[in-house]
Amino acid sequence: MTTTPLPRRSMIIASMAALAATSCTSLPLKSKPKLKLSLAQFSLHRGFRGKNGYKKIDSLDFPKITRNLGIDGVEYVASFFPNREPDLKYTKEMLQRSKDHAVVNQLIMVDRKGDLGDPNKTQRKIAVDNHMKWVEAAALLGCHSIRVNARSAGTPAEQVKLMADGLHSLCEQSEKYNMNILMENHGGLSSDGE
């Protein structure tokens, strides 16, 4: 039986991989790193919406549900707040519930509060103002971010310009709350990889 010798480069790479595997498995494992997770409220959307066949879930119970699953953090959805608007009393109660169950409030996902890239400047300003209500609620909860959508109209170049304007305005106003604004690729031009 004849064998073909490995090229020098392949032999060196294979030897390094074997050496690395051997040395890694021989190291004593001091402690297992703890992976911290957060649960998006949307993961349970059928329950929060009371869909047929699903037990209705009260949003105030979300921190308890999350803790019972052994998860450390929560990501809220604005549309699951009462009347789909932030309310000071409700937000304070949500904060208390998260403290009671030792979960960390991470962010609020905000949808349908106006297009931050609306071609109409007045409508764009209204959208920014509507999102600012959620920035304030997120800050009260101790969240680090809100997630917004990139909605606009016009040519791709026009949409980029309009979204940049709306996001810039929202970011400027959010700065005093030390709030991150995350934009999701969630429809329209934002879902176009090019």
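Numbers for the structure displayed
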quantity	calculated
Amide hydrogen neighbours beyond the local backbone of residue 113, cut-off 5 Å, H modeled	none
Difference of contour (0.36 nm per residue) and Cα-Cα distance, residue 173 to residue 54	38.9 nm
Where the range 39-107 is the region considered: accessible area per residue in Å², 1.4 Å probe	57 Å²
Accessible area of the range 134-194 divided out per residue, in Å², using a probe of 1.4 angstrom	57 Å²
Residue pairs, from the table 34/133; 36/92; 56/176; 92/113, whose Cα atoms sit over 30 Å apart	34/133; 56/176
Trypsin sites (Lys or Arg not before Pro) restricted to DSSP loop in the range 85-182 with at most 14 other C-beta within 10 Å	112
Accessible surface of the range 27-140 [probe 1.4 Å, protein heavy atoms]: carbon and sulfur percent	52 percent
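The values are calculated or read from the model by the stated rules, or taken from the named source; none is laboratory data. Just so it is clear, the structure is predicted and the values come from calculations on it, not from any experiment. Don't worry about glycine lacking a Cβ; one is built from the backbone with ideal geometry, like all the others, and counts go over all protein chains shown. Note: accessible area is taken over every heavy atom of the protein model, side chains too, but ligands, DNA and RNA are not part of it. Shrake-Rupley method; radii C 1.70, N 1.55, O 1.52, S 1.80 Å.
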